[in-house]
Amino acid sequence: MPLMSRTAFFAGVAAGALAFALPLSAPASAQDAKSVTIAMRVSVNTLDPHMTASVGSDLSVLSHIYPSLLLRAPDLKLQPALAKKWTMVDDVTWRFELAEGATFANGEKIDAAAVKWNLDRVRDKAVGARIAAWFELVSDVRVVDPLTVEVKTSSPYPAFADQLSMFFLLPPEWAKTHNPASETMSGGPYTVAENVPGDHITLKANPDYWGEKPAFDTVNFRTIPEIGSRVAALMAGEVDLVTGVPTTEIERINASGNAHADAVDSTRSMLVKINHQKNPMENLKFRQALNYAIDKEGIVQSIFDGKATVSNCQILSPDYFGYNPDLKPYPYDPDKAAQLLEESGVDLSTPLEVEVPVSTYLQGDEVTQIIASQLQEIGLTVKISEIDFGAFMNKQIKARDLAQMAVQGLAWPTIDADGMLTMFAPGNVYDYWNNADFGKLLDEGRATTDPEKRKTIYAEATKLMCDQAASVFLYQQPATFGVSNKVTWQPRGDDWVRAFDMSVKE
Amino acid sequence: MIRYLLTKILEALIAVWGVLTIVFFVTRIIGDPAALLLPLGASAEQIDALNAQLGLDRPLIEQYITYIGQVFQGDFGQSFQFGRPAMQVVLERMPATLELSTAAIILGTLIGAVAGSIAALKKGTMAELIVMIFALLGQATPVFWLGIMLILFFAVDLGWVPTGGYGTISHLILPAVTLAVFVCSSIARLLRSNLLDVLKEDYVRTARAKGLMPRTIFIWHVGRNALIPVVTMIGIITGELLGGSVVTETVFAWPGVGRLIIQAIEAKDFPVIQAGVALIAFIFVLINLAIDLLYGLLDPRIRERR
């Protein structure tokens, strides 16, 4: 009977292995209808909403935990949150009327005094809040009554309400004795249940929430840095929402039948930034030649499968306040480019450098390759320098030594021309153009809050930028995403990823 | 022996101090963190103000002296990104790294030792050829590719294990196997060539002539001598793995120190880079010390020389 006992032994081993394997075969995050898992590219670094400006990670998670006066809806419009109503009393005074009965989980009131304390905290030099720059123009915060707060600014600040959609409130009393970088006290729809740094953060619905009950009981934010792994997690049914999917993966995800992927235009404009201080970039005809030489439509079709939109000769997309609908992109015309090059009188053997921060923008490295080869086609000598994003920023802002050209993506969180265009105003740390007329227009734009006047001024400013070929305007970077079949999510062009924008699919 | 240990510990301290110094100055060369920590549109004054707040505006030598002074008190400073003590941020990630490296080393060593022994003892047979081909493939396969393939097959298609993340044994399987493939290939190849060398030695022939059991010869005469270079290699690999296996951690979303340090380098979070590298250097030194002591166990001649 030795054979029998051997068979019995193996059967036993197999059964044991199976018993061990069974719990493993269930998807890792056993998902019921009331929970949702969102994949993030980077982990949450700090839980202090005043110490981070990272919308796609820290602030998205914190928007579930802390209240804000306003929120930006998926259609990119502002919607009321703690503030039921907001008005401009005059050019430099904003008034906010707050919801009644709002409290933090420890019972602290979320009232005008709490709003004032938070605005004072970010402006306090001793605190060193990382987002202090957003509130530089705020000069005074006044509690009118417990549910009304007035904010004075030192000069008109039309985008102030937009900026407040990224500003979250801490409980003042609690913050005195706790470290908000690592601890939380909820005043929003969710509360932190578990935080494993670098891996995941789990939120549970806040039973004491003063607003509407959220759709999901549990929200998981999982950090998955590698895009291939993010897509795999979506296809395996472990996560319900991923962003930053390469456009080439969209078809594969849709074909799998497990999830749905697509892209919308983001608020991020891709451009070849030009350093006008370096030879031969001061030459207008040369810059125009660059704009004619690059086939924007071709890039959009070949690299992004048509899922991106060519910029209309400006860095603003139609979502921005101040977008100029009259501008049209420079057409792809290599002959015209060659002619302009000749007229420019520039020595074609002048070596040109294009910098690109590596793996920073969606398929940005490939786009740079195409740009360089198209510039070579019209006879230019082009070299690509791929550098690390930190080194790139350092070179740009601190060393002030950008190459003649740099492939870069720009977005401004308030989705307003003021801010986005200011990065090209003389004196700004980002500016390499130094055009006094442009600077003057932006100053005028900032001196008024009248929307019609502002639109006229920004139309002039964007036209100047286009005529002067201040940059090579490329395309709107697509905001790509993949959503599981279990939930719905309205795609958006900015970086917010929030469970309260999702619902269970019926 | 005590004297030997003390010398080794002193050497170790000097090595760690050297690493700390190099890391300090290299991080200062790679650039300025303030531009990355502040939101888009922060003015030059705000950038300068943050640098002053972080103490980065002071002369380099003054910063260095303060830093070394703090390190002696066990203080590695506050992380720029996390707003918490840098060493705490690093230590939080250590369990994940320990778990993964231990699993990979044990798995890799066991498989590597068996495979290497088979290849040596069955020299010239099909078994040797198969083992050697797999070992070569294992060493040559990029970890990144192997990781993604394992995920696609075992996690997406079969659904046996999660695609990534941390927490349970099932999360550990794929990253540990991925790393173990490399570990066992290296060990199998090294062990095989060492065994073949030792098998040719006179003392092995003598042992055979004495009529000792083949098992006894293999364990006591061949194995012990062939293991010395292998132990060194296991030590080096362990040190490397404990420093975090960046690629594996990234592919499998494993929250280890390797990924943390890369993130800190990208964000120029100096205190975290320094704390992380200091800890890794310390671990490396400890492992080296352990290997030195192990040599003594394997080879009495080394023990007597001390």
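The values are calculated or read from the model by the stated rules, or taken from the named source; none is laboratory data. These numbers were taken from a predicted model, which means no experiment stands behind them. Every residue, glycine among them, receives a Cβ derived from its backbone with ideal geometry; neighbour counts consider all protein chains shown. Only protein heavy atoms, including side chains, enter the accessible area calculation; ligands, DNA and RNA are left aside. Shrake-Rupley method; radii C 1.70, N 1.55, O 1.52, S 1.80 Å.
Structural remarks
- Given in Å, the Rg to one decimal and the Dmax to the nearest whole number for the Cα atoms of the stretch B:2-71 are 17.3, 60.
- Among B:Glu11, B:Glu62, B:Glu99, residue whose mean-square fluctuation peaks in a GNM of chain B (springs only between Cα atoms under 10 Å): B:Glu62
- As a rough guide to protection, the peptides B:205-214, A:150-159 ranked by mean Cβ packing within 10 Å, highest first, stand as A:150-159, B:205-214.
- Listed pairs A:Lys278/A:Lys336; A:Lys328/A:Lys463; A:Lys77/A:Lys109; A:Lys109/A:Lys176 exceeding 19 Å between Cα atoms: A:Lys278/A:Lys336; A:Lys77/A:Lys109
- Shielded residues, the stretch B:24-65 - accessible-area loss of 40 Å² or more between chain alone and all protein chains, probe 1.4 Å: B:Asp32, B:Ala35, B:Leu36, B:Pro39, B:Leu40, B:Gly41, B:Gln46, B:Gln53
- If you wrap the tightest convex hull around every Cα atom of the protein assembly as shown and split its volume per residue, you get 215 Å³.
- Taking the protein heavy atoms of the stretch A:394-506 in the context of the full set of protein chains, the accessible area attributed to carbon and sulfur is 50 percent at 1.4 Å.
- Here the stretch B:84-116 is scanned for amide nitrogen atoms under 16 Å from the site 7 Å beyond the Cα of B:Leu293 along Cα-to-Cβ, giving none.
- Disulfide-incompatible cysteines by the Cβ rule (no partner under 4.7 Å) in the protein assembly as shown: B:Cys184
- Per residue, the accessible area of chain B comes to 49 Å², computed with a 1.4 Å probe over protein heavy atoms only.
- The calculated 222 nm mean residue ellipticity attributable to helices in chain A amounts to -8500 deg cm²/dmol, summing -39500 (n - 2.57) over DSSP H runs of n ≥ 4 and dividing by all residues.
- Spin-label pair A:Lys152/B:Gln139, simplified geometry with 7 Å Cα→Cβ offset, distance in nm: 7.5
- Based on DSSP H segments of at least four residues, each scored -39500 (n - 2.57), chain B has a per-residue ellipticity at 222 nm of -24500 deg cm²/dmol.
- Overall, the accessible surface of the stretch A:205-300 at a probe of 1.4 angstrom is composed of carbon and sulfur to the extent of 46 percent.
- Solvent-accessible area lost in complex, 20 Å² minimum, residues of the stretch B:237-256 relative to chain alone, 1.4 Å: B:Thr250, B:Val251, B:Ala253, B:Pro255
- Heavy-atom accessible surface of chain B: percent carbon and sulfur, 1.4 Å: 71
- Based on protein heavy atoms only, the stretch A:143-283 ends up with 34 Å² per residue of surface accessible to a 1.4 Å probe.
- Positive dipole terminus of the stretch B:2-71, leading residue within B:Ala35, B:Gln63, B:Gly18 (C-beta point charges): B:Gly18
- Modelled label positions at A:Ala193 and A:Leu464, each set 7 Å beyond Cα in the direction of Cβ, lie 5.5 nm from each other.
- Cα-only Debye scattering, the stretch A:337-402: base-10 log of I(q)/I(0) at q = 0.12 Å⁻¹: -0.38
- Prolate/oblate/rounded label for the stretch B:226-283 (Cα gyration tensor, a/c 1.5): oblate
- Relative contact order of chain B, defined on C-alpha pairs under 8 angstrom at six or more residues apart (%): 28
- Low-density loop cleavage sites - GluC sites (Glu not before Pro) in the stretch A:48-138, where at most 13 other Cβ are within 10 Å (DSSP): A:Glu100
- Over all pairs of different C-alpha atoms in the stretch B:154-306, the reciprocal of the mean inverse distance, the Kirkwood hydrodynamic radius, equals 18.6 Å.
- Among the protein heavy atoms, those of A:Arg252 account for about 100 Å² of accessible surface (1.4 Å probe, every chain in place).
- Added length on full extension, which subtracts the Cα-Cα distance from 0.36 nm per residue, A:Asp326 to A:Asp208: 37.4 nm
- At least 40 Å² accessible surface lost relative to isolated chain, residues of the stretch A:127-146 (1.4 Å probe): A:Arg130, A:Ala133
- When the Gaussian network model of chain B links Cα atoms closer than 10 Å, the mean-square fluctuations of B:Ser79, B:Ser186, B:Ser43 top out at B:Ser43.
- Here the calculated FRET efficiency for A:Glu282 and B:Leu40, from their Cβ-Cβ distance with R0 = 22 Å, stands at 0.25, rounded to the nearest 0.05.
- Dividing the mean sequence gap of close Cα pairs (under 8 Å, 6+ apart) by how many residues chain A holds gives a relative contact order of 19 percent.
- When chains A and B come together, the accessible area they lose, probed at 1.4 Å and totalled over both chains, is close to 3700 Å².
- Applying 1/(1 + (r/R0)^6) with R0 = 56 Å to the Cβ-Cβ distance of A:Glu136 and B:Leu91 gives a FRET efficiency near 0.90.
- Taking the stretch B:93-267 and dividing mean pair separation by its residue count, relative contact order in percent (alpha carbons under 8 Å, at least six apart): 35
- Candidate lysines - alpha carbon under 18 Å from B:Lys200, same-chain residues fewer than 8 apart omitted: B:Lys122, B:Lys123, B:Lys210
- Fluctuation leader among B:Pro39, B:Pro95, B:Pro162 - chain B, Gaussian network, Cα springs under 10 angstrom: B:Pro39
- Rg to Rh quotient for chain B, alpha carbon positions, Kirkwood Rh: 1.07
- Highest-first packing order for the peptide set A:78-84, A:316-322, A:197-203 is A:197-203, A:316-322, A:78-84, based on the mean count of other beta carbon atoms within 10 Å.
- Modelled spin labels at B:Lys8 and A:Phe389, positioned 7 Å past Cα toward Cβ, are 4.4 nm from each other.
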